[in-house]
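Taking it in order: structure first as C-alpha cells, then the write-up.
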There are 4 protein chains.
Amino acid sequence: MALHEMMNYSQLFLEIFNELQQIEDRGRVADYIPELAHINPDHFGVHLTTIDGRQYAFGDSEVRFSIQSIAKVFTFVLAYSRVKSNIWERMDMEPAGTPFNSLIQLEYDRGIPRNPFINAGSMVVCDILADQLASPRENVLAFIRSLSRNSTVDYNPIVAHSEKRSGFRNYALVNLMKSFGNIRNEIDKVMDLYFSICSLEMSCRELSESFLFLANNGIVPHSGESILSPSRTKRTNALMQTCGFYDEAGQFTFKVGLPGKSGVGGGIVAVHPGKYAIAVWSPRLNKKGNSYKGMLFLEEFTTRTKLSIF
Amino acid sequence: MALHEMMNYSQLFLEIFNELQQIEDRGRVADYIPELAHINPDHFGVHLTTIDGRQYAFGDSEVRFSIQSIAKVFTFVLAYSRVKSNIWERMDMEPAGTPFNSLIQLEYDRGIPRNPFINAGSMVVCDILADQLASPRENVLAFIRSLSRNSTVDYNPIVAHSEKRSGFRNYALVNLMKSFGNIRNEIDKVMDLYFSICSLEMSCRELSESFLFLANNGIVPHSGESILSPSRTKRTNALMQTCGFYDEAGQFTFKVGLPGKSGVGGGIVAVHPGKYAIAVWSPRLNKKGNSYKGMLFLEEFTTRTKLSIF
Amino acid sequence: MALHEMMNYSQLFLEIFNELQQIEDRGRVADYIPELAHINPDHFGVHLTTIDGRQYAFGDSEVRFSIQSIAKVFTFVLAYSRVKSNIWERMDMEPAGTPFNSLIQLEYDRGIPRNPFINAGSMVVCDILADQLASPRENVLAFIRSLSRNSTVDYNPIVAHSEKRSGFRNYALVNLMKSFGNIRNEIDKVMDLYFSICSLEMSCRELSESFLFLANNGIVPHSGESILSPSRTKRTNALMQTCGFYDEAGQFTFKVGLPGKSGVGGGIVAVHPGKYAIAVWSPRLNKKGNSYKGMLFLEEFTTRTKLSIF
Amino acid sequence: MALHEMMNYSQLFLEIFNELQQIEDRGRVADYIPELAHINPDHFGVHLTTIDGRQYAFGDSEVRFSIQSIAKVFTFVLAYSRVKSNIWERMDMEPAGTPFNSLIQLEYDRGIPRNPFINAGSMVVCDILADQLASPRENVLAFIRSLSRNSTVDYNPIVAHSEKRSGFRNYALVNLMKSFGNIRNEIDKVMDLYFSICSLEMSCRELSESFLFLANNGIVPHSGESILSPSRTKRTNALMQTCGFYDEAGQFTFKVGLPGKSGVGGGIVAVHPGKYAIAVWSPRLNKKGNSYKGMLFLEEFTTRTKLSIF
C-alpha cells in the first residue's frame, strides 16, 4: 500500500472535524417525524474499516442512529443475490433526475422506477422480497445482523409507525405503481416491510463493517462468506455511484468520487473498492436531503488522501 | 502491473469482436443528416493506449469518423482549465434524467442545464469559450490537435452545415436558455462553434491518445504537459461517469464500470484512471443513441479483464 | 319561443339516432371493473326536459346506468351552495390540460386540483362534505333523490366496492393531496364517499330532470325550490363548460356548444341555460373517456336545432 | 329586447369605473419591451357595439394601443374561413393547461399546439397563412382594416422589431415545432408575420366593431358581409371561451361568462352572441398576463346586467 494509506486516519478525522467546526452547519435535521426531529443535531461520528481489518474511528462512531435509506442497499443486495427472476424488468438502473420527477417519471415509464435506491424502486424490491422470502422482515434483519456481526441491530417500531402515519407521498408512489401492475402483493404487506427497513438503527462502526464486502469483491473479509459475485459487487457499487444520493448523485461523485448511499437520518456510507468502507453521521441535512457535514467531511477526506476511484 | 494487464489486448479485441459478430446488431445508424446516414455501418475499430505508452489496436482504428458529442469533453476541459469564473453557476453537474426532460428541465431550472455533456450544457460551455477565447473555433481546434498529436485533425464543414440546417431542437434549447439569460453571446456565434465541434473527425487512435491525460492525473504522458490539476481531472472523470451517456449513464456505469463519453457517430471513449484510455467505433446506435456494439464490446472487455473502477 | 323550438324533438332524436346507426361505433365500453364491462354496449337513450315542463324521450331513456363522474356535479353543487368557507382556496377553476398532467399538476400546484370536476378535485369536494354534513353519504343521496324526484335512486355498493378495489390511481391522487395537507379527513372516509357517489345509478330522464335547475337560474321549475343563486348557477355552468369533459372540454365546447358533464358509464348531461337539460346514454367511450355516440348525437342535435350558447 | 338592455350602458360604465377606482390596481404593465413598458398605466377605455348598431363608450375608447394576442383571433378567422385543408390536423382545440406546459406539451404532442390562441398555435396559423396568401402581411392587414372600417389601422414596426429581438422563448417554440415538421415555411418568414400581427394597434371602438360579426352569426352587421358560416362562428366563440385567456380561461368563463380574448397590451374583447361585442383597455396586467382592471370591469358588467351566455 502507498505511504498515504499508512497514515493514522483517526488523526486525519480529527483534523477535518476541527476544520468543519469552523464552518456554520447550514443543514437542518429531518423533522417530518418526531423521532428524527428530536435527535441532538451536534452528533458526529465516523468509522472506517479496511479490507485487511484495520479500523479507524472518531466521535460518536458507536452511537446507533436511524439509517433510513441506507437500508435500501441491504434489501437490494438481498434481492440481487437470491432472486432468480430478472429484477431489471421491474426497475431501471438510471439516475432519477430532477426531484419533481418522481411521480411523472413513474407515470411516463408506466410504473417502472428509475433505480432500486429511490423510494419507488425500493418498494419494488420489497415487493420482490415479500414474494421470495418466507419471513421477509425477519430474513432481512437476520441478513443485516450477520453482515454487521451484531445480533442486537434491530428495527425501531416507533419510527416505522411514524413513517407509516405520515408517509402519504410514499403511498401515492406505491398506489401509482400498483395501478400499472408493478406491485404484486397487497400494498400494506409491501409498505410494512418498506417502513420497517427504513427504521433500522445502526452505528457508524456497524455500517462500515456491513458494507465492507462491497469493497472486497463481494466477500465478507473476516468470514470469507461470499455475498455477491465479483461482477455483481462491481455493479452494485456502480449503482450506488449513479443513484445513491437522490438528486445529488452527480455532486457526490464529482466531489467525493466514491460510490455510496445516504439516509435522511444523517448517515452516509461510502466504499473504496479494494480498500475500505467508511460511514459518517451528522444529522443536519442539506436541501437535497443528504448530511451537510457528512458530504463535506467525505469531500475533504478523499481530497486529502488523494484517494478516489477516478 | 498485475498479470492480466500484461496480456495482449489486441488478441482479446479479436476474440470479443468475433463473438459480437455472432450477435445481430440491432442498432441503427444515425440518419438525421446525410453525412452520418451514408456511413458504412459495418465499420469497427478499437484502440487502447496505456499511460506507460503501450498501444493496442484492432480493425478500423485509424479511420476517422464524426466524433459528435465526444467533443463536448474537449470543450468542457478547455473551459474548466482556463476559465476563471465559476462555470457551475451556469450549469449543474447532475445526470440528465429521462429523455423527455430536456426542455421541461431547462424551464423548471430557469435555463440552467443539468450538466456540461448534454447538448444544452455544451452550448453554455461554447458560450463561455466564445467570451474567453480570442478565436474560439481555432483555439479549440489547436487544443485538440495538440492532445491528439496530429495537426490534420479538423472540423468537417459539410457536417457542421447539415447539423445546423436540421438542428431545430438545438435552436429551441439555445433560445430557451437565452430567454433566461444563460446565453450571453449572439445565438449564431454560439451555435457556429457548437456545430463546428460536433463535426470534428478523429480516429480511435487519436481519441484514445487525446483522452489519455484523464487517465494520468491530468498530465499528457508523452509530453508531461499538465492539462488539468489532479483534482479537476478526477472530477472530469466523475462527470463523464454520471453524465457521459445521455439517458444511459447508469447502464454504462453498471455494465462497463468506467467513465466515458459517447457520440452519435458511433464512437465511445472510456478512461481507466491510472491505466489507460480506450476508444471504440461502431456506427449503429441503440435506442438511447449510443453505439450498440461499442457498448457490448466495452462491457465484455471490462468483464474479461476484471478491470473496472468499482 | 322560436319556431324551431316548437318542433317535435322526439322525431329529431329518431332521425339522428338512425343516422348514427350508419356510423361504426368505434368506442369501447369501460372495462376496468366487471360491472361496467358487462353492460350491453348497444344501449342508447336520450331525454330532454324543458324549463317549461315539456319532455322528449327516445330509446332506453328510463333505464338506469352508472352515472360515474356526472355525480361530481351534484357533490360540487351541494358544497358550493351550503359551505361557508371559500372552497376556491382548496381547488382551482381551470381546465385540466393534458391527461398526463394529473399527478405532475398536483405536485406543481402543491396539492391544489385544477377544478372540482376532475377526480382529484372531486375528492377535495368529498373531503369538504365529509366535514360539513352530518351523514355525508345519506345527505348527498337525499339531495339527488330530491332533485330527480325519485326516492329509489341509489348507490350501487357492488360498483363502489369494485371501484375501490381497483382504484389505485385514485389512491395515488388522494395520498399525494394529503401529503400537501389538502385532504383533512382520514383517506378511507373521503374515498368511501367518493366511490359511493361514482356508483350512483340514474336514467336519462332522472338526469335531465335533476340538472334542470341549472338551466333555470338555480330554481327547480316544478317546485320553485332554489338550489343555487342565479350568479352561482351561471358559474356552475361555466365550470362545466371549461372542465366537464376531461381532456376533451375544448372539443365538446367547440362541437356541441353547451355546458355539460360526462361519465365513463357512457352518460352525458348538457344544459342550455334558459331552455332545457338533456341527458344521453351510449356506453361505448372514445379514447378520451367520453361516450362516442353521445358526443356525436349532441353535436348533431345542437347543429340541427341551431341552438347553442355561442 | 329586455328592459335591462335598454339601459344606458355608458352610465353603467361610469359607475363601474368609479367603483374600480376605489380598488388598488395590483397589476403591472408588461415590460419585456420598451414600447409596452412606457405606456401610461392609467389609461382606461371601454367600447360596446350592439348588433343593431348602438354604441356605448367610456374613457380612452378612441386611443389606439398594442392589441398583441387579440390579433390571434383575426389570423385564426382568416385561416379558418379561407383555408381548404384541415387545420385541426396541425393544432388541437383544447385549453392549454398550466403555464409550465407550453414546451413539454409541444414535446409530448410531437409539435401539435393545444389551440390556435396560444403562441405556438398562432405560429402554426401564421405558417398556414404564409402558404395560402399571396402577401400575408398585407392581406391580414387589409382584412382587419375592413373589419374595423378604418384604413389607418396598422402594424407598429418598432414594436414588431422589439418583440423579435427579445422573443427567445417564441423562437424556442417555433424551432421545437419545426423539429417535429409542424412548421413548413422558413422560420423567419413565419416569425415576421407573427411579430407583425402582435404589433397591431387599435382602439376599443375599432376592436368592438371588428369583433361584432362574431356576435352576429358571422355576418358584419353594417355591410351584411359574411365572414364565417354561423356554425364556424359559434365554434370560434367556443374556442375563445375555452382558450382565450391563457391559464385563466376557466376564471374568465367563471366570472365573466362570455367568450373573449385578451392581450398583454391590456386589452380584452368579449362577445355576447346575438347581442354585442365589447372591448376594454387597462394596461396593468395580473399575474396570468390579463388586464387586471379589465377582468374586474367585465365581471362587474356581466354581473350587473345579469347577462352572460350561461
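Each reported figure results from applying straightforward, stated rules to the coordinates on display, with no laboratory input. Source: prediction; values computed, not measured. All Cβ positions, even for glycine, are placed from backbone atoms using ideal geometry, and neighbour counts span all protein chains on display.
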Original post:
Which angle from 0 to 90°, rounded to the nearest 10, does the C-alpha axis of helix D:187-198 make with the longest principal axis of chain D?
Top reply: 10
Subject >> Spatial separation of Cα centroids for segment D:123-154 and segment B:194-257, in angstrom >> reply: 55
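What's the magnitude of the charge dipole for segment D:3-304 around its Cα centre, counting Lys and Arg as +1 and Asp and Glu as -1 at the beta-carbon? Answer in Debye, nearest 20. List each step's numbers first, then the result.
Values: 31 positive and 32 negative charges, 119 e Å.
Value, rounded to 20: 580 debye.
Report, in cubic angstrom per residue, the convex hull volume of the C-alpha atoms of segment B:114-153. Intermediate results must be reported in sequence, preceding the final value.
On the way: hull volume 3.0 nm³, N = 40.
Enclosed volume per residue, from the Cα hull, is 76 Å³.
For segment A:157-225, what D do you get in µm² per second when you plug the Kirkwood radius from alpha-carbon pairs into Stokes-Einstein at 4 °C and 1.567 mPa s?
Working: Rh = 14.4 Å.
Taking Rh from Cα pairs, D becomes 90 µm²/s.
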**OP:** Determine Rg/Rh for segment B:187-235; Rg is computed over alpha-carbon atoms and Rh is the Kirkwood hydrodynamic estimate from the same atoms.
**Re:** 1.12
**OP:** Calculate how steeply helix C:136-148 sits against the longest principal axis of the alpha-carbon atoms of chain C, using the helix alpha-carbon long axis, and give the answer as 0 to 90 degrees to the nearest 10.
**Re:** 10
**OP:** Scan around residue C:285 for amide H atoms under 5 Å from its own, H built in the peptide plane at 1.01 Å from N, and keep only partners 5 or more places away or cross-chain.
**Re:** C:28, C:29, C:30, C:292
Original post:
Tally Lys/Arg at +1 and Asp/Glu at -1 over every other residue whose Cβ is under 9 Å from the Cβ of residue C:47; what's the total?
Top reply: -2
Subject >> Label-point gap, in nm, between residue D:180 and residue D:134 - each point 7 angstrom along Cα→Cβ >> reply: 3.5
**OP:** Tell me the distances, shortest first, between residue C:229 and the same position across the other copies, using label points 7 Å along Cα→Cβ, in nm to one decimal.
**Re:** 4.3, 6.9, 7.4
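For a footprinting-style exposure proxy, rank A:81, B:199 by other Cβ within 10 Å, fewest first.
A:81, B:199
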**OP:** Give, in nm to one decimal, the length gained when the segment between residue B:165 and residue B:152 is fully stretched (0.36 nm per residue of separation minus the Cα-Cα distance).
**Re:** 2.1 nm
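Sum up the charges of everything whose Cβ sits under 14 Å from the Cβ of residue D:281, counting Lys and Arg as +1 and Asp and Glu as -1, but leave residue D:281 out.
Values: positive: D:64, D:205, D:261, D:284, D:293; negative: D:25, D:42, D:60, D:62, D:201, D:206.
Local net charge: -1.
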Original post:
Got a sec to turn the phi values of segment C:49-65 into Karplus ³J(HN,Hα) couplings, 6.51 cos²θ - 1.76 cosθ + 1.60 with θ = phi - 60°, whole Hz, x for Gly and Pro?
Top reply: 10, 8, 5, 9, x, 6, 10, 10, 10, 7, x, 7, 6, 9, 7, 7, 9
Subject >> Pair-distance profile P(r), taking every C-alpha pair of segment B:92-163, with 10 angstrom steps and integer % >> reply: 17, 35, 32, 14, 1
Original post:
Under the definition of Cα pairs under 8 Å and six or more residues apart, what whole-number percent is the relative contact order of segment B:1-117?
Top reply: 17
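At most 13 other Cβ atoms within 10 Å and a DSSP loop assignment: could you name the trypsin sites (Lys or Arg not before Pro) in segment B:26-130 that fit?
For trypsin sites (Lys or Arg not before Pro) across segment B:26-130 that sit outside H, G, I, E and B with at most 13 neighbouring Cβ atoms in 10 Å, the list reads B:26, B:54, B:84, B:110.
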Subject >> For chain B, alpha-carbon Rg and Dmax in angstrom >> reply: 18.2, 56
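Looking at the calculated P(r) for the protein assembly as shown, what percent of the C-alpha pair distances fall above 47 Å? Don't jump to the answer; show the numbers that get you there.
Numbers: 325774 of 768180 pairs.
Pairs farther apart than 47 Å: 42 percent.
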**OP:** Convert each backbone phi in segment D:247-263 into a coupling constant with the Karplus relation 6.51 cos²θ - 1.76 cosθ + 1.60 (shift: θ = phi - 60°), then list the ³J(HN,Hα) values in order as whole Hz, x for Gly and Pro.
**Re:** 8, 10, 4, x, 4, 5, 4, 5, 8, 9, x, 10, x, x, 8, 10, x
Subject >> Label 7 Å beyond Cα on the Cβ vector: residue B:142 copy-to-copy distances, nm >> reply: 5.9, 7.0, 8.9
Original post:
Where in segment B:252-304 are there trypsin sites (Lys or Arg not before Pro) that are in a DSSP coil and have at most 15 other Cβ atoms within 10 angstrom of their Cβ?
Top reply: B:287
Subject >> Over segment B:202-310 - Rg/Rh using Cα atoms and the Kirkwood inverse-distance radius >> reply: 0.96
Subject >> DSSP loop GluC sites (Glu not before Pro) with at most 15 other Cβ within 10 Å: longest gap in chain A >> reply: A:63-185
Subject >> Rounded tilt (10° steps) of D:119-132 against the dominant C-alpha axis of chain D >> reply: 70
**OP:** May I ask you to list the residues of segment B:244-276 whose amide nitrogen lies under 14 Å from a point 7 Å from Cα along the Cα→beta-carbon direction of residue B:22?
**Re:** none
**OP:** Grab the residue from chain A whose Cβ hugs the A-to-B rotation axis most tightly, plus its distance in whole angstrom.
**Re:** A:97, 1
Original post:
What average count of beta carbons from other chains do you get within 10 Å of the Cβ of residues in B:301-310?
Top reply: 5
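Which value in deg cm²/dmol, rounded to the nearest 500, describes the helix-derived mean residue ellipticity at 222 nm for the protein assembly as shown, given -39,500 (n - 2.57) per DSSP H run of n ≥ 4 and division by the residue count? Don't skip to the answer; put the middle values down first.
On the way: 52 runs with 556 residues, N = 1240.
Taken over the protein assembly as shown, the calculation gives -13500 deg cm²/dmol.
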**OP:** Work out from phi, with θ = phi - 60° and the Karplus expression 6.51 cos²θ - 1.76 cosθ + 1.60, the ³J(HN,Hα) of each residue of segment B:156-166, listed in order in whole Hz, and give x for Gly and Pro.
**Re:** 10, x, 5, 4, 4, 5, 4, 4, 5, 5, 10
Original post:
Across 5 Å bins from the origin, how do the percents of Cα pairs in segment B:10-150 run, short distances first?
Top reply: 2, 8, 13, 14, 15, 16, 15, 10, 5, 2, 0
Subject >> Label geometry 7 Å along the beta-carbon vector: residue B:32 inter-copy distances in nm >> reply: 2.6, 3.6, 3.7
